[in-house]
Structures are given as structure tokens and as C-alpha cells.
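Quick note: the coordinates plus some simple rules give every number you see, no bench work behind them. Predicted model, so just to flag it, every value in this text is computed and none were measured. Neighbour counts are summed over all protein chains in view; Cβ atoms, including those assigned to glycine, are modelled from backbone coordinates with ideal geometry.
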Amino acid sequence: MHQPYYLDPETGESVLPWVRLHALKDYWGMVALVDECPGMRATFNLVPSLVEQVEAYAHERTWDRQLVLGLREAATLDRAEAEWFIREGFHAHPPTMVDPYPRYAELSRLQAGERPFDLAALRDLQVWQKLAWVDPDIAATDARVQRLRAKGRDFDEHDKLTLRAVELEVLRRIVPAYRRAAARGQVELSCSPYFHPILPLLCDSAAHHDAHPGAPLPEPPFAWPVDADAQLARAIHAHTAWFGQPPRGVWPSEGSVSPAAADAIARAGFHWMATDEDILKRSRALAGQATPDVLKFRAHAFATAHGDVRMLFRDHGLSDAIGFVYQSWPADAAVDDFVGKLHAIGAHCAAVDGRPAIVPIILDGENAWEHYAGGGRPFLRALYRRLAGTADIEPVTMQEATSGEVTPLTRLFAGSWIHADFGIWIGHADDRRAWVQLGQARTRFEAHRARLTAEAAAEALDALQAAEGSDWFWWYGDDHSSAHDRDFDALFRRHLRRAWRAMGVEPPEELHRTNITTAVAGDDILRLRLNAEPTADTSSYFDRIGASALERSAGSMHRVGRSAITRCDAGATADGLVLWVEADAGVSLTVEAVSLEPAAVPVTHEIPRGRVDIPWAALGAGPGAVVRIRIVARDGARRVVETVPADGLARRVELPAQATSAAVWTA
């Protein structure tokens with residue numbers, strides 16, 4: 001469970017609403033689901049800086065603009081506030097969180113068509129932008145939520161206050177629910193370093209060279225292993241205060257490990273840590289050893305100067321199946337597939353050495369479920385019942401899984417769960433600029449620490465630790481992008497400015513200028529030009545784990561492994577839309593489109609690989625219109641295995657109204 005640290009150090013405001021919205025929809029519900037199935041065991045990794053924000057919302061110590069404007073009387077919003085709220089009021093997955101609710105879907109069409117909102121529509125949006133995020137189980141049982149959903153429209157100001165009361169109740173349930181579940185022993189609660197930093201890069205930015213020898217590094221390098229210790233110690237202290245017992249295990253942020261980070265983890269007293277299966281393969285390669293496929297299903301132990309750390313390695317296929325594939329499957333079919341794969345793994349391991357398989361399923365705890373029917377509850381209930389009720393499968397916590405026989409790991413490759421490297425956080429010039437700025441502030445603090453009062457030193461150190469978080473670096477560069485890149489950039493620089501000011505020094509001028517040099521997605525409209533056609537020799541391709549404008553809503557999740565759709569380009573002629581799609585031989589392709597004209601109906605076309613010409617009329621639209629399109633890949637059983645965009649949401653394409661200069665849009 002992780003979200004960036006959205007708290008603005010200068011105002012106390014949360015600059016984006018995602019902690020609050022996921023708290024309303026996911027954080028309580030996820031642990032409550034496990035409680036329903038006594039035979040189930042699971043491990044929840046709770047990032048301390050997330051829990052801090054949940055508690056701040058629960059006790060009304062923070063707010064965000066969407067929350068404030070959503071509670072204001074609709075008639076008192078000025079034009080700029082209303083326009084902002086309408087623009088930001090639809091950040092939810094339409095097929096599962098907008099379209100099922102007729103009034104919310106109607107409002108979405110108004111917004112997409114840039115049609116005006118009257119006062120009643122604005123007030124209805126104030127309700128629906130929150131009501132759609134209410135935990136599905138609460139929505140099914142709470143009479144207040146049921147009444148609001150049944151009412152559907154023409155809400156009044158009292159309705160907004162009713163929904164706010166529900167929201168606060170849910171927020172205040174979360175930490176106690178996890179504390180009780182841990183006390184029962186049904187779940188294990190682990191943590192990450194407090195502000196979710198990339199520990200190996202805190203210890204020494206040269207860890208990047210394990211995967212990329214000679215790659216550029218910040219100059220001078222960043223190397224503050226004492227900060228890794230501090231982030232871990234702070235995490236343990238806070239976790240113990242919230243949940244009544246210290247954590248036994250740690251998910252190093254983004255599964256990032258190195259020998260130095262492992263030593264810090266052992267020194268802090270953790271029993272286990274986890275990362276990705278590719279780290280196991282590369283670690284054994286460092287030692288000149290092969291990696292039989294059964295080894296990723298074994299607990300390992302890595303020796304440090306402060307004792308052994310037990311390790312588990314994330315199974316790519318099954319973890320990503322939950323995160324990205326099963327969302328479009330019927331729950332029972334998905335569970336059948338999952339359990340069948342587990343049985344195959346178990347049978348293979350038994351045949352090789354007679355030992356049971358330990359299969360670590362590790363994935364994002366909140367972002368996947370909005371793409372599932374019923375918020376993922378039908379799937380998770382079916383999965384938990386099957387796992388707990390199948391004789392030769394035993395759900396276990398990470399602590400339980402690492403408490404038995406282990407295999408020694410003699411070398412440890414420095415990398416993360418994404419590509420077994422740190423490229424996302426240090427590989428781009430924008431990343432390295434931010435590391436240099438962080439290093440300058442950190443060096444200044446150490447040099448002047450003795451001269452500061454205890455209060456000033458504590459404030460500066462808190463700001464520096466917040467700036468060490470991984471999320472700022474995630475959004476720098478061209479590997480991930482969102483509509484809020486500039487918010488993340490601004491937050492990073494605000495933390496550093498706070499550190500400098502706590503030291504009694506005016507921040508460097510550059511901390512008032514953006515670090516972003518790459519293009520930032522401003523919206524999700526793709527404007528095609530006539531006579532701009534993708535060709536066979538186009539060198540660009542759709543990078544499934546990148547984040548172009550098309551990937552605006554999927555940038556916070558990252559899929560490991562090969563993509564089924566390897567290229568998706570679009571262009572336009574006077575006659576229609578031109579696509580060029582390439583994909584694996586084992587999948588069939590469909591383009592789905594719907595015009596945003598009021599009377600339009602969705603259209604679906606099976607398409608071949610290579611060039612596809614679709615007349616404007618076949619899209620139900622003419623020149624100058626806006627349509628939503630997406631590409632879907634299905635396997636032989638007609639199950640969705642991948643979509644472009646990755647989140648499955650069709651993106652808006654503005655069709656050319658007249659001939660313009662040629663250009664090719666590449667997804």
C-alpha cells in the first residue's frame with residue numbers, strides 16, 4: 001500500500017486527492033476481505049508516509065482542493081473554481097466507476113463534449129466524484145450510501161455532508177482494522193522505509209552501475225548510507241506506534257536492493273525482505289551460478305555484516321496476472337486460471353526435488369482494483385476462498401514463508417523489481433539534476449548541523465528525508481508521465497526549499513525553477529493531422545512500460561515482462577483513421593471506438609496486424625469530431641490479455657477538420 005507523500009510542507013494541504021480516495025475505496029476494504037475468510041493469510045506492506053497521510057485525513061489535519069471545493073455550496077464556486085472542479089471531477093476508470101452510474105456518465109459526456117454545467121449538474125458532480133469511490137462493500141450495506149445512489153441526481157447540500165460523514169468514518173476505521181488483523185495473526189504487517197526512498201541509491205548512487213556500467217551519475221555522487229538507517233529506524237518507530245508491534249519484514253521501496261541496503265536492513269533488525277525474480281537470476285549470475293527455475297520458489301538467505309536477511313523473490317507471471325490481466329475476466333475463470341498455474345508450479349517443484357514451492361505474489365495493493373468489476377471484491381473473495389479451501393495450497397505470510405529451510409544467496413545484484421535496475425529513478429538527466437540538488441542540501445546540512453538548534457535540525461532533516469522519496473524521481477524523465485508531473489516536481493523542490501530555510505539559508509535560485517525538460521501530458525486529447533500516416537518503416541513503437549500522453553492514467557503502475565502489443569501508431573487521411581498495430585501471433589486484435597456526439601453508439605472492429613484504415617463513417621463521426629479509441633488484444637479463449645492504453649480506458653482522439661501539416665502521432 002503506497003501513495004506519494006502529497007502533503008505540501010508549506011501549507012499542510014495534500015496537493016492531490018489519491019490518499020483520501022483510495023482510503024475511501026481500498027485501504028479498509030482490503031483488510032476486511034481477508035477477515036471474511038479465516039483460513040486466508042496475507043501480508044500487507046504499509047508505507048509509513050502513506051499511513052501518516054491517512055491519519056491526517058482521518059483526523060482532519062489535511063485537506064485537498066477537490067475535497068474543499070466538493071464540500072462548498074455549489075452556488076458559491078466562482079467560474080475558475082467550477083471549471084477546475086469539472087476538469088478534475090472524472091479521475092476514475094469509466095467502465096467500472098463512471099459508466100455504471102447513469103448520472104455520472106451523463107456528466108462525463110457533458111464534460112467531454114465541453115458543454116456547460118448548470119448549478120444542479122455541478123452539485124451532482126460534487127457528490128458523484130466521491131460517491132463513485134466509496135468501498136463497494138460499504139456501498140452495498142450502508143443505508144446512507146444506498147440512498148444517495150438510489151437518488152442518483154438532483155442532490156442537495158445536505159447530501160454532500162452525509163457523504164462526508166461516511167468518508168470520515170471509513171478513514172477512521174483503517175489503522176484500527178489493520179491493528180486488529182495483525183493482533184489476530186491472520187495478516188502480517190510489513191513496512192517500507194519511511195518516505196519510500198530507493199535505499200541502494202541513498203547508500204551510494206553508484207549502485208546504478210551494477211546494471212549499467214559507466215552510466216552517468218549525479219556529480220558529485222550521492223552516498224549517505226546513514227540516511228538509509230534513518231529512514232528504516234523512523235519507519236519501525238512509527239509502525240510500532242500505529243500497530244502495536246514492530247514489523248518483522250520490509251519491502252524495500254520498489255523492491256530495490258543492494259549489498260549496502262541489505263546490510264542496513266539487517267542492522268535495523270528486519271528478518272526478511274523481498275524483491276523480484278530477476279534480481280535472483282542476476283545475483284546468481286554474479287556468483288557464476290545458473291538459476292534453475294525452481295529456485296525462485298525457495299526462500300533464500302543473504303549474509304551481511306549484521307546477520308542474515310531472509311529473501312523472497314516475486315513471481316512475475318502470477319503477480320502481473322492479478323495486476324493487469326484478470327481485470328477483464330469473470331472472477332471464477334480468473335481464479336481457475338490462477339490456481340491451475342499454482343498447481344503446475346507445485347507439481348514441477350515436487351518433480352525436481354520433492355520440496356514444496358513457495359510462490360510470492362507481490363503487487364500494488366490499491367491501483368489495480370478500480371479496473372475490476374465490483375472493485376475487485378468478487379475476484380478477491382473467490383480467490384481467497386479457493387486458496388484457503390484447497391488441500392495442497394496453503395496461504396502463508398511472508399514471515400511464515402521465510403521461517404523454514406533457506407538457500408544461501410552468496411551475491412546480491414543491485415536493482416529493483418523493474419528491469420532489475422534503477423533507471424527510472426536515476427537514468428534520466430532530470431533525475432540526476434534532482435539528485436544533485438538533494439545532495440547539495442544534504443551536504444550543507446551535515447556541514448552546519450552542529451550550529452543549528454535542535455528544532456531547526458529536526459525540521460531540515462524531515463524535509464530532506466521527504467525529498468529522498470522515490471516518487472519525485474519516478475515522474476522525472478520520459479519513462480513515466482501523468483497530468484500531474486509538475487505537481488510532483490513542485491513538491492520535491494518545496495521540500496528542498498524547506499530544508500534550506502530550516503538551516504537559515506535562502507534556497508538556491510534553481511529550486512524555484514522546474515526540473516522538467518521532457519514534455520508533460522496536459523490532457524488526453526490526441527490531435528491527428530491529415531496525410532499523417534504510419535508506415536511500415538516507422539521506427540517508433542508503443543513501449544508498454546513507458547508513459548506517453550496515451551498512458552496518462554496508467555503511469556503509477558508498471559508492468560514487468562514482454563508486451564503482447566508491440567507497436568501502436570495512429571494517423572489520419574481525408575477518408576478516415578489509420579492505425580498500424582503489431583502484436584504477438586497468438587492474439588487477436590480489436591479496435592473499439594465511440595464518438596462523443598450525443599447520439600453515438602460504440603463500434604467495434606476486428607483488425608489485422610499492420611496497417612488498418614477505418615473510414616470516419618465507421619467510427620460514427622465526421623471531421624472535427626472527438627472519438628474515444630482503444631486497442632484490445634485477446635487470447636484464443638477471447639480473454640483480454642492487454643489493452644492500449646494499459647489501463648483499458650479509451651483515449652480521446654480529435655479528428656482533423658481540414659488539411660494541415662503532416663505529422664505522425666505515436667502512442
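Here are a few things to note about the model shown:
- The stretch 359-396 and the stretch 261-326 have Cα centres lying 22 Å from one another.
- In this entry, the stretch 25-116 is assigned a mean projected area of 8.8 nm², taken as a quarter of its C-alpha convex hull surface.
- Taking amide hydrogens as placed 1.01 Å from N in the peptide plane, the amide H of Asn45 sits under 5 Å from those of Ser190, each at least 5 positions away in sequence or on another chain.
- Compactness of the stretch 265-330 as Cα Rg over 2.2 N^0.38 Å, two decimals: 1.36
- Overall, the chain carries a charge dipole of about 820 debye about its Cα centre when +1 sits on the Cβ of Lys and Arg and -1 on the Cβ of Asp and Glu, all other atoms neutral.
- Inverse of mean 1/r across different Cα pairs in the stretch 191-409, Kirkwood, Å: 18.9
- Semi-axis lengths, Å, the stretch 466-506, gyration tensor of Cα atoms, sqrt of 5 times eigenvalues: 23, 9, 6
- Rounded to the nearest 5, the antiparallel percentage of DSSP beta bridges internal to the chain is 70%.
- Relative contact order for the chain: 13 percent, from Cα pairs under 8 Å spaced at least 6 residues apart, divided by residue count.
- Other-chain or far-sequence residues with amide H under 5 Å of Gly576's (modelled H): Trp616
- Taking the helices alone, the chain has a mean residue ellipticity at 222 nm of -12000 deg cm²/dmol, built from -39,500 (n - 2.57) per DSSP H run of at least 4 residues and averaged over all its residues.
- Rounded if a/c under 1.5, otherwise prolate or oblate - the stretch 428-512, Cα gyration tensor axes: prolate
- Over the stretch 181-270, all Cα pairs binned in 10 Å intervals from 0 give whole-percent P(r) values of 17, 45, 25, 10, 3, listed from short to long.
- For Lys151, the aspartates and glutamates whose Cα comes closer than 14 Å to its Cα, not counting residues fewer than 8 places off in the same chain, are Asp124, Asp159.
- Kirkwood hydrodynamic radius of the stretch 373-474, Cα pairs, Å: 18.9
- Given in Å, the Rg to one decimal and the Dmax to the nearest whole number for the Cα atoms of the chain are 25.1, 73.
- Exposure proxy order (Cβ contacts within 10 Å, fewest to most) of Tyr476, Tyr101: Tyr101, Tyr476
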